[in-house]
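Q: Here it is, the structure, as structure tokens.
The values are calculated or read from the model by the stated rules, or taken from the named source; none is laboratory data. Since this is a predicted model, take the numbers as computed values, not measurements. Cβ coordinates were reconstructed from backbone atoms using ideal geometry, including for glycine residues, and neighbour counts include every protein chain displayed.
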């Protein structure tokens with residue numbers, strides 16, 4: 001999986017702003033710190049729908065970038081954001097888990113009117129985006 005480094009900044013009385021130095025025009029915002037990575041992941045996936053993404057620069061290379069350094073000097077922080085490619089193809093996977101956990105998964109999926117596969121896919125996406 002590829003990770004892109006995002007610059008996260010926040011002014012007083014404002015939401016968090018997020019942009020990707022390696023991807024001009026790819027940006028997002030979040031009301032809380034907990035929402036930063038999920039919102040940035042969504043922006044990254046949408047950006048990737050329209051273009052082939054370049055290889056991300058390393059953390060060390062980005063820290064040497066004068067624009068990134070200026071943001072950091074102004075109080076911004078860097079966050080690694082996973083790139084989850086939007087790919088409509090479905091692949092079958094055989095998994096193994098403890099029987100009690102599987103019953104709990106099935107009950108939770110049924111309560112949400114989801115299939116087991118859809119429930120596990122959503123749970124995996126949420127875990128990766130955290």
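Q: Given (1) in the same structural domain as residue 18 (by TED's automatic domain parsing); (2) over 21 Å from residue 10 (Cα atoms); (3) in contact with a helix residue (DSSP H, G or I) (Cβ under 8 Å, 6 or more places away or on another chain), identify the lone condition not met by residue 119.
A: (1)
Q: Residue 37 - would you say it is in a helix (DSSP H, G or I), more than 23 Å from residue 8 (Cα to Cα) and touching a helix residue (DSSP H, G or I) at 6+ places or on another chain (Cβ under 8 Å)?
A: Details: in a helix (DSSP H, G or I): yes; more than 23 Å from residue 8 (Cα to Cα): no; touching a helix residue (DSSP H, G or I) at 6+ places or on another chain (Cβ under 8 Å): yes.
So residue 37 fails the test.
Q: Taking residue 68, is it crowded, with 16+ Cβ neighbours inside 10 Å, assigned to a strand (DSSP E or B) and outside the structural domain of residue 125 (by TED's automatic domain parsing)? Don't jump to the end; show me each part of the working.
A: On the way: crowded, with 16+ Cβ neighbours inside 10 Å: yes; assigned to a strand (DSSP E or B): no; outside the structural domain of residue 125 (by TED's automatic domain parsing): yes.
So residue 68 does not fit the description; no.
Q: Among residues belonging to the stretch 74-103 that are surrounded by 14 or more Cβ atoms within 10 Å (Cβ to Cβ), touching a strand residue (DSSP E or B) at 6+ places or on another chain (Cβ under 8 Å) and part of a loop (DSSP other than H, G, I, E, B), point out the one that is modelled with the lowest pLDDT. Please lay out each step first, then the result.
A: Filtering the stretch 74-103 for residues surrounded by 14 or more Cβ atoms within 10 Å (Cβ to Cβ) gives 76-79, 81-84.
Then drop every residue that is not touching a strand residue (DSSP E or B) at 6+ places or on another chain (Cβ under 8 Å), which leaves 76-79, 81-83.
Cutting the leftovers down to part of a loop (DSSP other than H, G, I, E, B) gives us 76, 83.
Working: 76: 96, 83: 90.
Taking the candidates together, the pick is 83.
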